[in-house]
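For reference, the structure discussed in these notes is given below.
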Amino acid sequence: MHRLQLVRITGLLVILLVVLLNIPYTLLLQNFEYDAILRRPVGYVLTQFGSASI
């Protein structure tokens, strides 16, 4: 394998890793009101987390 091929494959894997790491974050945003829930009381957060269907 040539060095250029190795660099290209590594670059593609890094891009794929970034995309795959954003999937759980997106699910958190959709199902758990992520950003807004940080300002809620702990009891509400735990209730929402317990009933979340992720």
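Checked against (1) surrounded by 11 or more Cβ atoms within 10 Å (Cβ to Cβ); (2) outside any loop (DSSP other than H, G, I, E, B); (3) charged (D, E, K, R), D35 meets all criteria but (1). Out of the stretch 12-28, which residues are under 19 Å from G50 (Cβ atoms) and out of contact with any helix residue (DSSP H, G or I) (no Cβ under 7 Å at 6 or more places or on another chain)? P24, L27 - these are the residues of the stretch 12-28 that are under 19 Å from G50 (Cβ atoms) and out of contact with any helix residue (DSSP H, G or I) (no Cβ under 7 Å at 6 or more places or on another chain). F49 meets all of the listed conditions (1) surrounded by 10 or more Cβ atoms within 10 Å (Cβ to Cβ); (2) assigned to a loop (DSSP other than H, G, I, E, B) but one, namely (2). Residue count for the stretch 4-28 under the criterion of being farther than 28 Å from V45 by Cβ and touching a residue at least 12 places away in the same chain (Cβ under 8 Å): the result is 0.
Just one residue in the set R8, R40 is surrounded by 11 or more Cβ atoms within 10 Å (Cβ to Cβ), at negative phi and not in a helix (DSSP H, G or I); that residue is R40.
Here, each number is a calculation from the coordinates, and none is a lab measurement. Bear in mind the structure is a predicted one, so any value in this text is a computation, not a measurement. FYI the Cβ positions are ideal-geometry reconstructions off the backbone, even for glycines, and counts take in every protein chain you see.
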